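Written below as structure tokens is the structure these notes are about.
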Amino acid sequence: MRKMIIVSLLFGLTIVLSACGGSAPMQEITSSNKAVNIVVTSDPSPAMMGDVQLLLTITDKDGNSIEGAAVNVAADHTDMSGMGMNGLATDQGGGKYSIKANFNESGNWMLTVKVAKDTLDYKEDIEFKIQ
Ligand SMILES: [Cu+2]
């Protein structure tokens, strides 16, 4: 009988952990906005806990690359507070920008991407899942 209780406790814990870890992996997140489009891909893909290289492909509403912009990427763990990080992405040319981030926890993260160039000042929140 005591064994049964332990087993069910463990089972309950597993459910909680997997709820935190999220469900389906996301390989590519495409934002659907008018002025600026941001496509985020990751290495590894799907993104896992630890060091992740994020590659952002940024285009305007006509699909043209936005080159030479200042791109700031902030990441926040949606389920908790005080776990944020942010930095400037490196311009790779051709409207591609990369930044390395260390995700120390799985689950739902929110990327806040700011794109600034000339008169353009754009900000978008993109949901990002870490396995
Ligand atoms: Cu956290």
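The values are calculated or read from the model by the stated rules, or taken from the named source; none is laboratory data. Because the structure is predicted, anything quoted here is derived from the model rather than measured. All Cβ positions, glycine included, derive from the backbone under ideal geometry; neighbour counts span all protein chains shown.
Below are the figures for this structure:
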| quantity | calculated |
| --- | --- |
| Residue in region 117-130 that is crowded, with 17+ Cβ neighbours inside 10 Å, on the phi < 0 side of the Ramachandran plot and out of contact with any Ser or Thr (no Cβ under 9 Å at 6 or more places or on another chain) present | yes |
| Residues that are over 25 Å from residue 131 (Cβ atoms) and either within 15 Å of the ligand (Cβ to nearest atom) or assigned to a loop (DSSP other than H, G, I, E, B) (or both), drawn from region 81-101 | 94, 95 |
| All positions within region 61-79 that are of a type in the set (Ser, Thr, Tyr) and at pLDDT 95 or above | 65 |
| Members of region 41-80 found to be hydrophobic (A, V, I, L, M, F, W, C) and within 16 Å of the ligand (Cβ to nearest atom), listed by number | 47, 48, 49, 52, 74, 75, 80 |
| Number of positions in region 79-116 that are of a type in the set (Val, Ile, Thr) and surrounded by fewer than 16 Cβ atoms within 10 Å (Cβ to Cβ) | 2 |
| Residues of region 111-121 satisfying the condition of being part of a strand (DSSP E or B) and more than 13 Å from residue 54 (Cα to Cα) | 114, 115, 116, 117, 120, 121 |
| Matching residues, region 58-77, being of a type in the set (S, T, N, Q) and free of Cβ contacts under 8 Å to residues at least 40 places away in the same chain | 59, 64, 65 |
| Answer residue from region 46-64, given it is part of a strand (DSSP E or B) and closer than 17 Å to residue 124 by Cα and is nearest to the chain's Cα centre (by Cα) among those | 54 |
